[in-house]
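J.: Could you have a look at this structure, given as structure tokens, before my questions?
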Amino acid sequence: MNGLIQIIRNDPEIRELKEKCHELTGRWIPYHWDCFKDLDDYKEHMRKIIQEHDRSEERRVGKECRSRWS
């Protein structure tokens, strides 16, 4: 298990995804051994969080713009 923790800490893609998720949501996404089947599944989970946040931000900005135009 310690080896996996080191991989998670040293993997640049995981580090980048975790930082982006934290920047967008204000919280850290932990790696739960029983929630993800492997590291790729963990990465995909964080990508989905980022994608969903980006879409909701686009909708928020769109609503703001429409309200200014009306």
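J.: For the chain, what is the accessible area per residue in Å² when the probe is 1.4 Å?
T.: 79 Å²
J.: What are the chymotrypsin sites (Phe, Trp or Tyr not before Pro) within the chain that DSSP puts in a loop, where the Cβ has at most 10 other Cβ atoms within 10 Å?
T.: Taking the chain and a limit of 10 other Cβ atoms within 10 Å, the loop chymotrypsin sites (Phe, Trp or Tyr not before Pro) found are Trp28, Trp33.
J.: Determine the calculated [θ] at 222 nm for the chain from helices alone, applying -39500 (n - 2.57) to every DSSP H run no shorter than 4 residues and normalising by the residue count; nearest 500 deg cm²/dmol.
T.: On the way: 3 runs with 54 residues, N = 70.
That comes out to -26000 deg cm²/dmol.
J.: Over the Cα atoms of the chain, what Rg and Dmax result, in angstrom?
T.: When restricted to the Cα atoms of the chain, Rg and Dmax are 15.9, 57 Å.
J.: Still on this structure, I have one more. Hey, with R₀ at 30 Å, roughly what FRET efficiency would Glu64 and Phe36 work out to, going by the Cβ-Cβ distance, to 0.05? List each step's numbers first, then the result.
T.: Numbers: r = 35 Å, r/R0 = 1.18.
The computed FRET efficiency comes out at 0.25.
J.: Once ligands and nucleic acids are excluded and a 1.4 Å probe is used, how much of Asp34 is accessible, expressed in Å² to the nearest 10?
T.: Answer for Asp34: close to 140 Å² accessible.
J.: Of Ser67, Tyr31, His53, whose Cα points farthest to the positive end of the dipole of the range 26-69 (charges on the beta-carbon: +1 Lys, Arg; -1 Asp, Glu; origin at the Cα centre)?
T.: Ser67
J.: Show which aspartates and glutamates lie in cross-link reach of Lys43 when reach means a straight Cα distance below 17 angstrom and same-chain residues fewer than eight apart are skipped.
T.: Filter leaves Asp11, Glu13, Glu16, Glu19, Glu23, Asp34, Glu52, Asp54.
J.: In what order, largest first, do Lys43, Lys63, Lys48 sit by accessible area if the probe radius is 1.4 Å?
T.: Descending accessible area places them as Lys63, Lys48, Lys43.
J.: Heavy atoms only, 1.4 Å probe, whole protein assembly: order Ser56, Ser67 by accessible area, highest first.
T.: Details: Ser56 50, Ser67 75 Å².
These residues rank, largest area first, as Ser67, Ser56.
J.: Take Ile5, Ile50 and sort them by solvent-accessible surface of the protein heavy atoms, 1.4 Å probe, largest at the top.
T.: Solvent-accessible surface, decreasing: Ile5, Ile50.
J.: Share of the chain's accessible area from carbon and sulfur, percent, 1.4 Å?
T.: That share works out to 50 percent.
J.: From Cα pairs below 8 angstrom and at least 6 apart in sequence, can you work out the relative contact order of the chain, rounded to a whole percent?
T.: Relative CO of the chain lands at 25 percent.
The values are calculated or read from the model by the stated rules, or taken from the named source; none is laboratory data. Just so you know, these numbers come straight off a predicted model, no measurement behind them. Virtual Cβ from ideal backbone geometry, glycine too; neighbours counted across all protein chains shown. SASA here: full protein model, heavy atoms, side chains in, ligands and nucleic acids out. Shrake-Rupley method; radii C 1.70, N 1.55, O 1.52, S 1.80 Å.
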